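The structure appears below as structure tokens.
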Amino acid sequence: MLEVRNLNAGYGFLQVLWDVSLKINEGEFIALVGPNGAGKSTTLKTIAGLVTPQSGDIIFKGEAITGTPANLTSRMGISFVSEQLNLFTNMSIYENLLLGAYIIEDKQEQLDTIEFVFNLFPRLKARQNQLAGTLSGGERKMLAIARGIMSKPSLLMVDEPSLGLAPKLTLDVFDALETLRQGGMTILLVEQNVNTTLHITDRGYVLEQGQIILEGPSKELLENDHVKKAFLGI
Ligand SMILES: Nc1ncnc2c1ncn2[C@@H]1O[C@H](COP(=O)(O)OP(=O)(O)O)[C@@H](O)[C@H]1O
Ligand SMILES: [Mg+2]
């Protein structure tokens, strides 16, 4: 579904990603983990088309999308839920969700998708008329993810959903991602919560200082000495 080959990217003269390569097959739940500042968000932003790469290839569903701007990658089926969330704070939950479905033209399909995300996040359903700006941190995260799937993406990329969340809410968010994955969605999850993330994903990549230093089945990464030392504190 997605193949990233030898991606080099950064901001102005600052190079952040160095020959990053990764591959995601359809239906896989993939983890991208690494310390703060490693370049995880930059990787997602470059795939989404928010950062223009210096070199390398990004192939999505067999098509080169390297350097394709974000408004087009989202139409092609890539949904990026950033840490910033980018919610419309003066609009209700319901209105934010509808805006997430702008790609879908069929009204009934939009309503069905809203029903689907409400089942996934019952908390949002109960508050559907509440303004996004008045939601708690956890509810905002849920809304951002919910809005991210309103376009029925083929690839969902989520950046650090657990950041700043209480453990219970983190579990709720991870549960929702697992449900989505069971429904066949392909997910690329960026997280600093390495332990939980490697327990729920199929495969993972470890990014350090802009380079992929390890990759493999998540189960194996959990057993890896470097991963244990650097991220699991064991
Ligand atoms: N908009 C930006 N302009 C300049 N430098 C940036 C920008 N965003 C991130 N960086 C730098 O790029 C590096 C990687 O950041 P980031 O991709 O956010 O890492 P991570 O998500 O793994 O914490 C950091 O050194 C960060 O300071
Ligand atoms: Mg980040």
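Side notes on the structure shown:
- Residue list for the stretch 22-43, filter: within 14 Å of ligand 2 (Cβ to nearest atom) and in a loop (DSSP other than H, G, I, E, B): 34, 35, 36, 37, 38, 39
- For the stretch 9-21, the candidate set comprises residues that are in a strand (DSSP E or B) and either of a type in the set (Val, Ile, Thr) or away from ligand 2 (no atom under 16 Å from the Cβ) (or both); within that set, the residue that is surrounded by the most Cβ atoms within 10 Å (Cβ to Cβ) is 20.
- Any hit, the stretch 100-112, residues being without any contact (Cβ under 8 Å) to a residue 24 or more places away in the chain, at negative phi and not in a helix (DSSP H, G or I): yes
- Which numbered condition residue 46 misses (of (1) in contact with a Pro (Cβ under 8 Å, 6 or more places away or on another chain); (2) part of a strand (DSSP E or B); (3) among the hydroxyl-bearing types (Ser, Thr, Tyr)): (2)
- Enumerated helices (runs of 4 or more DSSP H) restricted to the stretch 117-183, each holding at least 1 residues that are in contact with a Lys or Arg (Cβ under 9 Å, 6 or more places away or on another chain), surrounded by 16 or more Cβ atoms within 10 Å (Cβ to Cβ) and of a type in the set (Val, Ile, Thr): 167-182
- Scanning the stretch 142-166 for residues that are over 11 Å from the mean Cα position of the chain (by Cα), within 16 Å of ligand 1 (Cβ to nearest atom) and under 16 Å from residue 44 (Cβ atoms) gives 162, 163.
- In the stretch 59-92, the residue that is surrounded by the fewest Cβ atoms within 10 Å (Cβ to Cβ) out of those that are within 16 Å of ligand 1 (Cβ to nearest atom) and aliphatic (A, V, I, L, M) is 70.
- Residue within the stretch 186-197 that is surrounded by fewer than 14 Cβ atoms within 10 Å (Cβ to Cβ) and either more than 17 Å from the chain's Cα centre (by Cα) or touching a residue at least 60 places away in the same chain (Cβ under 8 Å) (or both) present: no
Values quoted throughout were computed directly from the atomic coordinates according to the rules given, and no laboratory measurement underlies them. Everything numeric here is computed off the predicted structure, so don't read it as measured data. A quick note on method: Cβ atoms are made from the backbone with ideal geometry, for glycine too, and the neighbour counts reach across all protein chains shown.
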